[in-house]
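The values are calculated or read from the model by the stated rules, or taken from the named source; none is laboratory data. Keep in mind it's a predicted model, so treat the numbers as computed, not measured. Cβ atoms come from the backbone with ideal geometry, glycine included; neighbour counts cover every protein chain shown. Surface areas here come from the heavy atoms of the whole protein model, side chains and all, with no ligands, DNA or RNA. Shrake-Rupley method; radii C 1.70, N 1.55, O 1.52, S 1.80 Å.
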Amino acid sequence: MIVEFNGKFTKFFVKSKEKRKFFLNFASNFLDNMNERFEFTTEERAETLRLYTWLKEAIGSTLHEGDEQNIRTHIASLMEQQQLQRDVFGLNPILSGFQTAQILVEETGVKRDAVLAILLHYSVESGLLTLDDVEQQYGASVSRILHGLRRIQELYKKNPVIESENFRNLLLSFAEDMRVILIMIADRVNLMRQIRDTDNLDAQTQVSQEAAYLYAPLAHKLGLYKLKSELEDLSLKYLEHDAYYLIKGKLSETKSSRDAYIERFIKPISDKLTAAGLKFHIKGRTKSIHSIWQKMKKQKCGFEGVYDLFAIRIILDTPLEKEKMQCWQVYSIVTDMYQPNPKRLRDWLSVPKSNGYESLHITVLGPEQKWVEIQIRTERMDEVAERGVAAHWRYKGVKGEGSLDDWLTGIRQMLETSDGREAMDQFKMDLYEDEVYVFTPKGDLLKFPKGATVLDMAYHIHSKIGSTCVGARVNNKVVTFRQVLQSGDQVEIMTSTNQKPKQEWLSVVKTSRAKAKIRLALKETQVKEGLFAKEMIERKFKNRKIELEESVMQQLIKKLHFKEVSEFYRQVTDGTLDVNTLIDNYLEIQQGVKAPTGDNQARSAGEFVLDETVTQPTQSDDVLIIDRNLKGIDYQLARCCNPIYGDDVFGFVTVSGGIKIHRTDCPNAPEMKKRFGYRIVRAKWSGKGSSQYSITLRVIGVDDIGIVNNLTSIISKEEKLVLRSINIDSHDGLFRGNLVVMIDDNTKLEALLKKLKTVKGVKQVERI
């Protein structure tokens, strides 16, 4: 039946009169409605009608009762509400849907569910139709395909790096039905065909890059070589315009001579094959522009330097059981006529490619000493090569010998049945049951084993990030570092400088890489803690003028029931063990008796003791108010800074519960306040008794005869001042000495410092 529509004749393949009448009325009303509510051009109207006719004929037998009426009503409703709009390229969404559907049906053989999903996709994405509505009207299969397309769109919103192989794998694992991926590829092919003359060059560049980096590799992975080549050629056309048209022009210039050469080459082969009684036909195929461009870049040569611009394809019409035998027979005939290049033999007959591709490739030296590639295959193999996995639908039960990937088997099963859910589940289980893919905030995609946690990802990024990880924002929700990752998660690691690796982290992570980094970090932390603790202990011993003996220290560690020295140092570092308490315990072991606890006891700073007869009070009778006006509380004066009456002081509650009094300018004060602020209490002097305090003065000056006598003379003349010890070291004309004196309070101390500074040759006097 042929009908004139807008001055053009269109052929309809409708058999019965009733159906023809219904269809013509529907088509006319359908396009009239579109014209009233949406500005269809004349060309768009005619093309939409043609595609509708084609699809009706192609998939009509698979449509359910009411499908046509529902689709017509839905689209008419969109028109009436004026809710349709063109995309960024000015393309008509209705026409684009029909065009994509045609490509998909032609190249993959899918039927009703996928086509309806394409035609409804715009409405679902625009929020004009819900998935529940789709499931109610068209069934769960259509709804599932649309849900898969929506999940893919959500992945795009995370700004992925599309060049990543991981992103292609994530798309495959995220798709709930393989038809989702097939629709995406067909849609991109259609889009690339339509944007040739667009003014939106930025958008054209973006979709072309995605076609080259994402969709063409996906098509290749599924064996859709025809669509893959078209995507590559169109991408090259838009992204590298000059290179594309250079090669295209060269191919046009050499077409006649190339065709003539192909004819001379294949005629004797054709005669021999005919004489052998084989059924066949021969194609001469010029390689794609993109393929030639890749060869030019790889071989670093011009167009003329690419010798294998075309390939000869010999396609046999033979029963399945004779396929291999006849392919090798053709191989024998061709190599008897032309010299083969054994290095260029590709045998995908014995072992097909993982995507199902089967063929025999040879390269021979033809007339005029030109190398020619020949592909030998059967009709079945050729269709698989052209249409990929979809071709298996036409050959139910046919399996190439050799090892095909499990995922290909799943796809074939999906295409052989009306509902591919079970096969798709198996497909994903085979490929991705042990893998998850997660996004970084920048869109990079990382792959981890199933069960991996946020902490695994942190250590994958960098050891320092892992060691300071406290959690993450997963899909904008704050979680702990123990959170298990799921495919598609967008993860932003959170860190803190106060965080440190812990032994229990080894049970949190899944990857061996993270475990190794944690073990290394723990070892480094132990070393650092050990060094820090040793330095702290040595400084405290030095401040209290105690000689540190390693053997005594080992006895102390053993007495405190530590099995590992590293644990002892760790507790010293984190403040669990108070160093001053350790020193007291150390002295007990060293002296064999309990060390004095009175904080006013003077200690020798050198070998020169001026007065050993001075007795020290064991208890200060000065009044010290601690915290909120509390008096009479037991305390000790810290030996690290030796506070005296009148100094600005504060209290520090030790692990054992006692209180140590420190000067506010104590060298240890900043660290204590930073790490143990909750153990700081206020303290102040409120009453003077008769107590004296031991202080150490450091004097630096010019070494001169009598200078020591001058210093000691000033001290001896002061009332209630006692010089306990003096230690002088002279070097290169300068002296450095420590004086230990007993003094009442800081007022007398200030007066003493002023007098000592007046001694000739003294450069510096300070309290330590």
**OP:** Kindly indicate whether any position in region 75-98 is closer than 28 Å to ALA385 by Cα and under 37 Å from the mean Cα position of the chain (by Cα).
**Re:** yes
Original post:
Is it true that some residue in region 174-189 is within 22 Å of VAL491 (Cβ to Cβ), in a helix (DSSP H, G or I) and touching a residue at least 24 places away in the same chain (Cβ under 8 Å)?
Top reply: yes
Original post:
Any residue at all in region 421-434 that is open to solvent by 80 Å² or more (accessible area, probe 1.4 Å), of a type outside the set (Phe, Trp, Tyr) and at pLDDT 50 or above?
Top reply: yes
**OP:** Test each condition in (1) farther than 30 Å from THR198 by Cβ; (2) open to solvent by less than 30 Å² (accessible area, probe 1.4 Å) for ILE247 and report the one that comes out false.
**Re:** (1)
**OP:** Starting from residues that are open to solvent by 80 Å² or more (accessible area, probe 1.4 Å) and in contact (Cβ under 8 Å) with a residue 40 or more places away in the chain, keep the ones in region 250-290 and report whichever is nearest to LEU309 (Cα to Cα).
**Re:** ARG264
**OP:** Identify all residues within region 354-394 that are over 21 Å from GLU230 (Cα atoms) and modelled with pLDDT under 80; write none if there are none.
**Re:** SER354, HIS392, TRP393, ARG394
Original post:
Would you pick out the residues in region 472-509 that are within 13 Å of the chain's Cα centre (by Cα), open to solvent by less than 60 Å² (accessible area, probe 1.4 Å) and over 14 Å from THR440 (Cβ atoms)?
Top reply: SER487
**OP:** Determine whether ASP132 is farther than 14 Å from LEU149 by Cβ, in a loop (DSSP other than H, G, I, E, B) and of a type in the set (Asp, Glu).
**Re:** no
Subject >> Selection within region 648-675 - open to solvent by less than 20 Å² (accessible area, probe 1.4 Å) and more than 49 Å from the chain's Cα centre (by Cα) >> reply: VAL649, PHE650, GLY651, LYS660, ILE661, HIS662
**OP:** Scan region 87-113 for residues that are at pLDDT 90 or above and of a type in the set (Gly, Ala, Ser) and jot them down.
**Re:** SER96, GLY97, ALA101
Original post:
Assuming GLN83 fulfils every condition listed in (1) assigned to a helix (DSSP H, G or I); (2) at pLDDT below 85; (3) within 30 Å of ASP197 (Cβ to Cβ) apart from one, which condition is it?
Top reply: (1)
**OP:** Determine if region 676-684 includes at least one residue that is among the hydrophobic types (A, V, I, L, M, F, W, C), modelled with pLDDT under 85 and within 60 Å of the chain's Cα centre (by Cα).
**Re:** yes
Original post:
If we scan region 518-540, do we find a residue that is surrounded by fewer than 18 Cβ atoms within 10 Å (Cβ to Cβ) and farther than 30 Å from ARG675 by Cβ?
Top reply: no
**OP:** Using the structure shown, decide if LYS720 is on the phi > 0 side of the Ramachandran plot, touching an Asp or Glu at 6+ places or on another chain (Cβ under 9 Å) and not hydroxyl-bearing (Ser, Thr, Tyr).
**Re:** yes
**OP:** Could you check ARG144 against (1) within 28 Å of the chain's Cα centre (by Cα); (2) charged (D, E, K, R); (3) surrounded by 16 or more Cβ atoms within 10 Å (Cβ to Cβ) and say which number it fails?
**Re:** (1)
Original post:
From the list ARG45, ARG50, ARG72, which residue is assigned to a helix (DSSP H, G or I) and at pLDDT 85 or above?
Top reply: ARG50
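Each row is one residue, and each column tells you yes or no for (1) without any contact (Cβ under 8 Å) to a residue 24 or more places away in the chain; (2) more than 30 Å from GLN571 (Cα to Cα).
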{"position": "ASP634", "(1), (2)": "no, no"}
{"position": "ASP647", "(1), (2)": "no, yes"}
{"position": "HIS662", "(1), (2)": "no, no"}
{"position": "LYS673", "(1), (2)": "yes, no"}
{"position": "LYS684", "(1), (2)": "no, yes"}
{"position": "TYR693", "(1), (2)": "no, yes"}
{"position": "VAL699", "(1), (2)": "no, yes"}
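Condition first: assigned to a helix (DSSP H, G or I) and either open to solvent by 70 Å² or more (accessible area, probe 1.4 Å) or at pLDDT 80 or above (or both). Now tell me which residues in region 553-570 satisfy that.
MET553, GLN554, GLN555, LEU556, ILE557, LYS558, LYS559, PHE568, ARG570 - these are the residues of region 553-570 that are assigned to a helix (DSSP H, G or I) and either open to solvent by 70 Å² or more (accessible area, probe 1.4 Å) or at pLDDT 80 or above (or both).
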Original post:
Considering only helices (runs of 4 or more DSSP H) fully contained in region 251-352, which possess at least 1 residues that are closer than 30 Å to LEU231 by Cα and either at pLDDT 85 or above or touching a strand residue (DSSP E or B) at 6+ places or on another chain (Cβ under 8 Å) (or both)?
Top reply: 255-275, 289-299
Original post:
Here are some residues: GLN136, GLN102. Which one is surrounded by fewer than 22 Cβ atoms within 10 Å (Cβ to Cβ), under 19 Å from LYS56 (Cα atoms) and either free of Cβ contacts under 8 Å to residues at least 40 places away in the same chain or among the polar types (S, T, N, Q) (or both)?
Top reply: GLN102
